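Only one structure is covered here, and it is reproduced in the block below.
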Amino acid sequence: MIKNKFILVLILLALVLPFISYLLDFYVDWLFFIETGYSSVFTTTLYAKTGVGLFFGAFLFVALMVNLLYANRAHFPYAGIFIVGGGNFRVQRDEMIRLVKPLAVLISMVLAFFAGNWGAVQWEEVLLFMNRVDVGTVDPVIGKDIGFYLFSLPFWESLQGFVGFVLLATAVLTGAVYLVRGGIVLTERGATIDVKVRRHLAVLLGIFACVIAAGFYLDSFRLLLPGNGAFYGAGYTDVNSRLLTYRVLTFLTPLAGCMLAVAIWKGTWRRAVLPPGVIVVLYIIGIVVYPGLLQKFKVAPNELALEMPYIESNIAFTRFGYNLDKIETVPFDVDTKLSATDIANNDATIKNIRLWDHAPLLKTYSQLQQIRTYYKFFDVDNDRYMVNGQYTQVMLSPRELSYADLPSKNWINERLIFTHGNGITLGPVSRISKEGLPEFFVKDIPPVSLTDVKITRPEIYFGELSNNYVVVKTRVPEFSYPTATGNVNTTYTGKGGVPIDSFLKKALFAARFGTEKILLSSDITAESRIIYNRNINERVRAIAPFLSFDTDPYMVVTKNGELKWIIDAYTSSDRLPYSKPLTGGINYMRNSVKVVVDAYDGSLDFYISDPQDVLIKVYARMFPTLFKPMSAMPDDLRKHVRYPHQFLQLQAAMYSAYHMTDPKVFYNKENLWQVPSLGEKPMEPSYTIMKLPGEKAEEYILLLPFTPSKRDNLAAWLTVRCDEPNYGKIRAYTFPRDRLIYGPKQIDARINQDSFISQQLTLWNQRGSEVIRGSMLIIPIEKSLLYVQPLFLAADKDGLPELKRVIVAFGDQVVMEENLELALQRLFGGKKSAATVAMADTADLKAAPTTLAREAMGIYEKATNLQRQGDWAGYGDELRKLGQVLKRMAQ
């Protein structure tokens, strides 16, 4: 008896505990949405999930109960016995008949529960259907608006599949009831089915035939989605064979179902086999056999001629799916006439050539600016600021708190004391100290600014490395930053987090986060607040799970000195006809939303950056309080909005083939491009400040080159403008095809073939240093191309990377110097001032002959000493300096 009670208690716990856990998560989520100000988003989602779940669960339960009620009311001659062995052996089943009703109801309830859960998962699909809009573009085959494929087709597919499952579940469950109650009797001669059962089965089969017909109808639309042959979408064979077959099947299947139902109703089993047999044969011939023959004997020998209109559709809809149709193509006639005057006229471009690569700079920042082991730089971001009145490209990295590296790990340290990161490191992309290290505009803790970019609120409570929760405003002072004399503490004054102002809330959060310390700690007061969902990626997904988010958030300093995160968000679909899909099936994508997250209080704002996107129009109708227009974003933040480089990579991968709009050229792949590779990985888009051809002022852009497929010379470069009012405008500058324009691999090979450069690299490697070759940058200036590659030296793999040399190539010349200024001086003559990096007047370049002679003599003596010591690298450096002095003397 005790054992049975114990088992019963375990069963009850197994049922109750998941429900309690669900309620805890539900209430904690509700408090989070109230904190962020998006409670309406929570309630809309909740009502949708509940409503859709109840509808599907109730539909299945009612359908089962109606059929079971009919089955249980029927009376049969053999209701009380099983007949086994020709009637010689009979088994009483009164007990089973008494159990069948409650058991069938229980099974129906369980199935309804699972149907409700499944339905709740479909909430987004249902809301998209209810808020659908027309796109204004129709598919080229059936003539349906694209909005039908994006919003309606997924809903109808789910509904058709669900109704089919309901009918199958009904047939199985009622069949079991009939078997128990004697409506179906199993004998040695086979199964005997009562007339009432036959008629019930006939009705179910007739309805099921209509469901199958609906599936054939939807299949005709699905033809336009998958890929076949050399392109994606329905081709000649699909349109002229499969589409016609699906339409015929849509009409004939209900008729065949009716004939089958009538035959079963009357008990003429032989006639019942004929209608479904006809449908199966027609399906095999029309969907499998005939299309194969048509493809092999008609389409394959004449593929280009017959598939031409469908290839055109594939090109048009793929370009629409990835916004490639907005790309403007501009011829770019390259020459090699760049002069010192041109360099001076493009001063802002030269000063903003990014010499510091992300990976070496992250290591350098980590070793120079982490300050303490429990701080960490997770990533380095690229942006632009007005620095002392100059439009300047910078590299920026937030200094976050790394909980994995805390020296003493305990609950008080992790949850009450060490609650936030502190400040950022910010510096120019191209400046180098004498030691080969980066210069800083903002550095140290608390942040020290050497320019007019000031930080007034350096605390980072929300970031990419933040743990799941902390408690602030407690009796324990929060650690702010270390100093030479001790630690400085702080108290949180923001509005982020949920107040823990009652015993019930303490108990709630203690249960939710699995620790009794929240409940028992005497340091937590009525003023305390618990901050959770602190990881910015998880935070935005909790609010808008229907969006996809970029994996590279970046931090911005506002004009008030506050720190904000900007995260790019995407809408996507896998239902655009004729569009080539990505891995995973997505074939429509837009960067439609910019999310801003305050690093101090965690407040979120969702701004629509692409109001023309049809998906964001529907989501805005679903959640009218969630999204704001881009004009509502503060001006100081709008100046830092940038085009996401990951999205441009995706677009470039598609544009490499889909820049060819002529179907014949596309079919033959006559002008296929590719993103060039250096090493194993393709080149990534790079941000830079430059003056685009035909424009009057420099602007912040994103740039990526193309080469012809399986060739190394350049074919084009793709650029996206990031500054207002031209944000998001994409241009493809195409190079002449009648002459060679060096590509990155060819420049890399010429660098390796340069005897002086290769000798220096060999010497550095032999001395135990690790030589790190930075990204190859292709910088268009006027009508010419400048190739720039930084060289870093590190003592070992974990050593401090130092930017020691800059390689610059132009035309047939390749030079390597200590900095970009000297390299440009060697290539184009003249001298660039260290302060302005602009071309100086000829008079300023000439020094007194006596002074230059003394300088040359000093360099020569130093070089001689280095030669005696065997320091060949230093000897080579001094010889280069001597050559520069002699060149100045010759002017």
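The values are calculated or read from the model by the stated rules, or taken from the named source; none is laboratory data. A quick note: this is a predicted structure, and the numbers were derived from the prediction, not measured. Reconstructed Cβ throughout: ideal geometry from the backbone, glycine too, with neighbour counts over all protein chains shown. Note: areas computed on protein heavy atoms with side chains; ligands, DNA, RNA excluded. Shrake-Rupley method; radii C 1.70, N 1.55, O 1.52, S 1.80 Å.
Before moving on, here are some points about what is shown:
- Computed over protein heavy atoms with a 1.4 Å probe, the accessible surface of the range 659-733 works out to 45 Å² per residue.
- Quarter of the Cα convex hull surface for the range 176-284, i.e. its orientation-mean projected area (nm²): 8.6
- For the range 307-444, the solvent-accessible area of protein heavy atoms averages 37 Å² per residue (probe radius 1.4 Å; ligands and nucleic acids excluded).
- Once the convex hull of all Cα atoms in the range 503-657 is built, its volume per residue stands at 164 Å³.
- Unsatisfied cross-links (Cα-Cα over 20 Å) in the set 337/691; 351/745; 594/639; 434/881; 376/639: 351/745; 376/639
- Taken about its Cα centre, the range 710-771 carries a charge dipole of about 300 debye when Lys and Arg each add +1 at the Cβ and Asp and Glu each add -1 at the Cβ.
- According to the calculation over all Cα-Cα pairs in the range 266-337, the P(r) per 5 Å bin from zero is 3, 11, 9, 10, 10, 10, 10, 9, 7, 6, 5, 3, 2, 1, 1, 1, 1, 0, 0 %.
- Dipole axis of the chain (+1 Lys, Arg; -1 Asp, Glu on Cβ), positive-most option in 542, 645, 368: 542
- Estimated at the nearest 10 Å², the accessible area of residue 684 is 110 Å² with a 1.4 Å probe.
- Heavy-atom accessible area per residue - the range 109-154, 1.4 Å, Å²: 46
- Per-selection metrics, the range 624-725 (Cα): Rg and Dmax in Å: 17.0, 51
- MRE, 222 nm, helices only [DSSP H, n ≥ 4, -39500 (n - 2.57), over the chain, to nearest 500]: -14000 deg cm²/dmol
- Stretched out straight at 0.36 nm per residue, the stretch from residue 131 to residue 630 would grow longer than its current Cα-Cα span by 177.4 nm.
- Bins of 10 Å from zero: percent of alpha-carbon pairs in the range 281-410: 9, 16, 17, 16, 13, 14, 13, 3
- Extension gain for residue 262 to residue 76 (0.36 nm times residue separation, less C-alpha to C-alpha distance): 64.8 nm.
- The structure-derived value of Rg/Rh (Cα atoms, Kirkwood Rh) appears in the list (1) 1.19; (2) 1.08; (3) 1.02 under the label (2).
- Dipole moment magnitude, nearest 20 debye, the chain about Cα centre, only Lys, Arg, Asp, Glu C-beta charged: 2660
- Note on the range 201-271: dipole from Cβ charges, positive end direction compared against 257, 246, 217; the farthest Cα belongs to 257.
- The tail of the calculated P(r) for the range 377-520 beyond 24 Å holds 43 percent of all Cα-Cα pairs.
- Here the range 486-630 is treated with +1 on each Lys and Arg Cβ and -1 on each Asp and Glu Cβ, and its dipole about the Cα centre works out to around 320 debye.
- Counting only Cα atoms, the size of the range 656-777 along its three principal axes is 54, 39, 25 Å, in decreasing order.
- Cβ-Cβ FRET estimate between residue 798 and residue 304, R0 fixed at 45 Å, reported to 0.05: 0.20
- Pair-distance distribution of the range 522-612: all C-alpha pairs, bin width 10 Å, starting at 0; shares per bin in whole percent are 14, 37, 28, 14, 5, 2, 0.
- Kyte-Doolittle mean at least 1.0, axial Cα span of 24 Å or more - DSSP H helices of the chain: 2-36, 39-73, 94-121, 153-181, 195-222, 243-266
- In angstrom, the C-alpha Rg and Dmax of the range 365-416 are 15.4, 47.
- Partners of residue 710 within straight-line reach, counting aspartates and glutamates whose Cα lies under 15 Å from its Cα and excluding those fewer than 8 residues away in the same chain: 670, 680.
- Apportionment of accessible area to carbon and sulfur, the chain, percent (1.4 Å): 58
- The heavy atoms of residue 363 present about 90 square angstrom of accessible area, all protein chains included, probe 1.4 Å.
- Potential lengthening of the chain between residue 196 and residue 766 amounts to 195.9 nm, from the contour at 0.36 nm per residue minus the alpha-carbon distance.
- Relative to the compact-globule estimate of 2.2 N^0.38 Å, the Cα radius of gyration of the range 301-377 comes out at 2.16.
- Nearest-0.05 FRET efficiency for residue 371 and residue 752, computed from C-beta distance (R0 41 Å): 0.55
- Cα lying deepest toward the dipole's positive end in the chain, options 519, 64, 784, charges on Cβ: 64
- Nitroxide proxy distance, nm - points 7 Å out along Cα→Cβ at residue 646 and residue 724: 2.6
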